[in-house]
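Peer 1: So that we are looking at the same thing, I have put the structure below in structure tokens.
The values are calculated or read from the model by the stated rules, or taken from the named source; none is laboratory data. Model, not experiment: these values are computed from the prediction. Positions of Cβ are generated from backbone atoms using ideal geometry, with glycine treated the same way; all protein chains shown enter the neighbour counts.
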Amino acid sequence: VEIFGFTPQKASEITNFIYQLDTGLAPAVHQSVLLNQRTNAAAQQRLNTYLIPQAGLRNADIGVFGRLTTGTTSRIAGWVYDRVQGDFVGDDGSRQPLSFFVNQVTNANDWFTFVGLPVGMGIGWAVDFDRDQLYNALERRTPVDGRYVVDWDGDTFWDGHEALNGGDPFNPLVLPVDMTTPSLVNVPSGGLAASWTTARVARLVFEPSELATYNLTLTPPSASGLPTLSYSSSEPKLMHNVVIHNMYPGQTVYNAALTLTDLAGLPSATQNFAVTSGLFNDGPEVVVIDDLQWSSPPSGSGTVTFVAKTLVTKKNSGPPRVPASNRIMVLRALINGKPATSSNLTVPAGQPVAFCVNDLPYSFWLSRGGFPGPFIITGATNTSGITTINFTLSGLQTGDLVTLVPEFVSSLDSAAPVCTGTNIDTNLKPIAAIGAFFVPVNWSFPDTPKKFRTLTFKHP
């Protein structure tokens, strides 16, 4: 089945690639709800039935900004939704339920806009512009340009880290004392895991319990000889989004180890988990001809017996290629560039190889249309991916060039194929009677070495 010309695997690869570059843009992201005196009832309904439930499912953060009147004082303020507690944390650190905003808009001057944001962006967007864990209303702006800065007093400790650990963010002589190691929060029930994995790339999102950097290593299987992959960040964050790249394709299992380090330099316990690379190819199977040669020199004069062998491999779980057993190869013999006919092409009696004696075209799922027969059809490849090709051509003259051309490689449904009249047994998947079309399992032209794409013999 193809989707807009793509196989399901290819469509999946494209989807995963897009999500690797994504920042979590679920449909709830960028949805907004205006709550004021006029929209009160409709806004509550939208918040309670859509935006807040979506935030609870971690499909979005909710940031709020609006005009808040307290007594005779009015200011523009911000809040962020806490999905664990189910309330809104203000830029002054206070917590309020949704009913707080509903009651506030009885004042015609007050209004609040609730905005869906990518997960991890709510705090920085609404209540902590410099992302130092000291919220805006508790900050002191720089006297020259009014900016928020992460270390107001210049003692090298971030303001929020000081406030949370007994220090004073505005006094360089009062330093924090942090004895708590960081950990991961909001870990999925199945444990830490990469998502949107393709053959070489995956995405890993995780949340420290406090501002922290990270160090991530991915160690491949010990006998693989592959390099260890390492990633790290020098910027402390409450959410990290890591794109893992350069993995070895083909479901290679990497042992991943993640360590966090907080602003006090305290390391977390190492989190161990596995990351498995995706399939290498964009279809269910890539078939490769890895050998095609004469088993012995063709012999005879005029009538020549040919014996060849071939090796068929596949890439359906990434390189290296592995032998493809139970495969049938369909070939044609050309004499000076023209197909041999049933009058001069035969196979030995009793040989478990059949060919079609019909010289008319058989239909293939190819833009170049049908090929004239007859076709040489090998027996099934063995567990090593090897099978033999045995046929005889008569009427050859000195200087004639014989070319053996592999057309298709097919899986077998059951028994080996045989010719029945002008039709090929339906056990052979890629070929059918005239007028019928089947999708063939072709061999990969670019992956097959040039010397194995054809085999030639010049009659002496």
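Peer 1: Would you please name the residue that is farthest from the chain's Cα centre (by Cα), looking only at residues in region 94-111 that are among the aliphatic types (A, V, I, L, M) and part of a loop (DSSP other than H, G, I, E, B)?
Peer 2: The residue in question is A108.
Peer 1: In this structure, does A60 turn out to be aliphatic (A, V, I, L, M) and either touching a Phe, Trp or Tyr at 6+ places or on another chain (Cβ under 8 Å) or free of Cβ contacts under 8 Å to residues at least 40 places away in the same chain (or both)?
Peer 2: No, not satisfied.
Peer 1: Still on this model: Please verify whether A269 is outside any strand (DSSP E or B), at pLDDT 85 or above and under 42 Å from the mean Cα position of the chain (by Cα), treating the condition exactly as stated.
Peer 2: yes
Peer 1: Something else now. Give me a count of the residues in region 177-235 that are at pLDDT 90 or above and of a type in the set (D, E, K, R).
Peer 2: Total satisfying the criteria: 4.
Peer 1: If a residue must be over 12 Å from V402 (Cβ atoms), touching a Ser or Thr at 6+ places or on another chain (Cβ under 7 Å) and either of a type in the set (S, T, Y) or assigned to a strand (DSSP E or B) (or both), how many such residues does region 304-329 contain?
Peer 2: Count: 10.
Peer 1: Just the residues that are aliphatic (A, V, I, L, M) and surrounded by 17 or more Cβ atoms within 10 Å (Cβ to Cβ), please, taken from region 228-244.
Peer 2: L229, L238, M239, V242, I244
Peer 1: Determine if region 240-257 includes at least one residue that is under 31 Å from the mean Cα position of the chain (by Cα), closer than 30 Å to N382 by Cβ and free of Cβ contacts under 8 Å to residues at least 24 places away in the same chain.
Peer 2: No; the residues of region 240-257 include none that is under 31 Å from the mean Cα position of the chain (by Cα), closer than 30 Å to N382 by Cβ and free of Cβ contacts under 8 Å to residues at least 24 places away in the same chain.
Peer 1: If the Cβ limit is 8 Å and pairs must be 6+ apart or interchain, which residue in region 375-394 that is farther than 20 Å from S343 by Cβ and without any contact (Cβ under 8 Å) to a residue 60 or more places away in the chain pairs with which residue that is hydroxyl-bearing (S, T, Y) and not in a strand (DSSP E or B)?
Peer 2: A380/S325; N382/S325
Peer 1: Take the conditions in contact with a strand residue (DSSP E or B) (Cβ under 9 Å, 6 or more places away or on another chain), modelled with pLDDT of 95 or more and not in a loop (DSSP other than H, G, I, E, B) and apply them to N241. Does it pass?
Peer 2: For N241, the condition - in contact with a strand residue (DSSP E or B) (Cβ under 9 Å, 6 or more places away or on another chain), modelled with pLDDT of 95 or more and not in a loop (DSSP other than H, G, I, E, B) - is not met.
Peer 1: Being surrounded by 13 or more Cβ atoms within 10 Å (Cβ to Cβ), acidic (D, E) and closer than 29 Å to A212 by Cβ: is that true of D128 here?
Peer 2: Taking the combined requirement at face value, the residue satisfies it.
Peer 1: Looking only at region 198-238, which residues are hydroxyl-bearing (S, T, Y) and assigned to a strand (DSSP E or B)?
Peer 2: Result: T213, Y214, T217, T219, S230, Y231, S232, S233, S234.
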